[in-house]
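Remarks on the structure that follows.
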Amino acid sequence: MRTISYRLPQERALVTELPGPKSIELAARRRAAVAAGVGSSVPVYAADADGGVVVDVDGNSLIDLGAGIAVTSVGASDPRVAAAVREQVGRFTHTCFMVTPYESYVQVAEELAALTPGDHDKRTALFNSGAEAVENAIKVARLATGRDAVVAFDHAYHGRTNLTMALTAKSVPYKKNFGPFAPEIYRMPMSYPFRDEAGLTGEQAARRAISRIENQIGAESVAAVIVEPIQGEGGFIVPATGFLPTLVAWARSNGVVFIADEVQTGFARTGSWFACEDERIVPDIIAMAKGIAGGLPLSAITGRADLLDKVHVGGLGGTYGGNPVVCAAALAAFATMREFELPARARRIGEIATRRLRALAEEVPAVGDVRGRGAMIAIELVVPGTTEPDAYLTRAVAANALEQGVIVLTCGTYGNVIRLLPPLVIGDDLLEDALTVLDGAIRAAASV
């Protein structure tokens, strides 16, 4: 991988307590202006960011292990992305592709056809958010098959629109009191190796789900099966080997559209361009967002041409979908991913993190599981000697790490998972420093 040059010093440096006085002042202004339902994971306000650091308004430099929830994979101010955005803004900011189209939308679609798994004929449609991508993938599947039922899985997260809330498993905070939800959504058991019965293989877990689908819904009624190849908000759950290929084979044999939600796992995050590649599965449709455009809001579905081309003209789209500025950012982000070989970099990050964290797990009984792939790593915290989730300990670890200048995120159905999603351009030294802080935070919170 080529050496990366950074604009900001890549170091952890605290000049105030966290949050500092300027962040506290902004928090007061926020309470008077921003809806209370909009939450934030950390109480500091960003002023600058580059590589693996975020600098807050008080001048503190924090190590970023969240990347805006896997969005800023190429860094929060990648120079190629910034230059492409400036150039495009100087030409035109918007025309709406559905009114006056432009080349960059077509270029992004061509890139996605080349990057996504499979050598079949593909088509792409662009949107703004991951939820929009998922929702449109379901629209395509239902129209193309003439069926209504959609199968999702335990621990899934697919978005916050009405349909995607129905697909999402966790109630609080995503679904509580927001119903009624879209109908004809069915939930099946996921492969969750840490919590499944001992010895359950991926194929067996898939067969368990398939049996329930056939008995409770009927294969002939199912339009689509949608699954995250590695579940994100649900706890970075990596299904046992064989789970996904078995589902794909069943879907193919029954005319069911297999949708891979790669919103969080896509674009080099897991060590491949897409997580589906790790088990050599080829989805009918892939939903993408987050890391696609260097931090700008863009999402996409790419899938079989025979499916997407069944939709009538005007049936897909949106005013801002595939805006020219975000398309320019995406093309630049793809170039940066290639130049710096970010899939390989993700694998390197994973090797460093899992080595450190598995050594920690051998000494700290509260670490129940360390899992993930590439730069998508999870630490599941439990009551020692059990598999009982310990959400309190998890919150304490995240707070302790932040006090020392490291941003980590939590997730999981039970709120007991620390997740690591560093920018893929983070340097080894900075990553090691963050892991040292995290190691100490876990030991301190667990009183080890």
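Only helical DSSP H runs with n ≥ 4 go in: add -39500 (n - 2.57) per run for the chain, normalise by residue count and round the 222 nm mean residue ellipticity to 500 deg cm²/dmol.
Value at 222 nm, helices only, nearest 500: -11500 deg cm²/dmol.
Across 5 Å bins from the origin, how do the percents of Cα pairs in segment 226-333 run, short distances first?
Spelled out per bin, shortest first, that is 2, 11, 19, 21, 19, 15, 9, 3, 0.
What is the packing order of peptides 33-39, 182-188, taking the mean over residues of other C-beta atoms within 10 Å and listing the highest first?
Ranked from most to least packed, the peptides come out as 182-188, 33-39.
So how do 228, 87, 262 line up by other beta-carbon neighbours within 10 Å, fewest first?
Least to most surrounded, the residues fall as 87, 228, 262.
Among 276, 96, which comes first, second and so on when ranked by fewest other beta-carbon atoms within 10 Å?
Neighbour counts put them in this order, fewest first: 96, 276.
Taking a ≥ b ≥ c as the square roots of the Cα gyration tensor eigenvalues, with a/c under 1.5 meaning rounded and otherwise prolate when a/b beats b/c, else oblate, which class fits segment 81-339?
Here segment 81-339 falls in the prolate category.
Would you list which lysines come within 22 Å of residue 310, measuring only between C-alpha atoms, while excluding same-chain residues fewer than 8 positions from it?
122, 139
Arrange 243, 194 by Cβ neighbour counts within 10 Å, fewest through most, would you?
Ascending Cβ contact count within 10 Å gives the list 194, 243.
Take the alpha carbon gyration tensor of segment 146-195, find the square roots of its eigenvalues, order them as a ≥ b ≥ c, and report rounded if a/c is under 1.5; if not, report prolate when a/b exceeds b/c, else oblate.
oblate
Kindly work out what percent of the DSSP beta bridges joining two residues of the chain are antiparallel, to the nearest 5.
65 percent
Restricting to bridges with both residues inside segment 81-339, how much of the DSSP beta-bridge set is antiparallel, in percent to the nearest 5?
Beta bridges within segment 81-339, antiparallel portion: roughly 40 percent.
FYI, it's all coordinate maths here, none of it is from the lab. As the structure is a prediction and not an experimental result, all values here were calculated from the model. All Cβ positions, glycine included, derive from the backbone under ideal geometry; neighbour counts span all protein chains shown.
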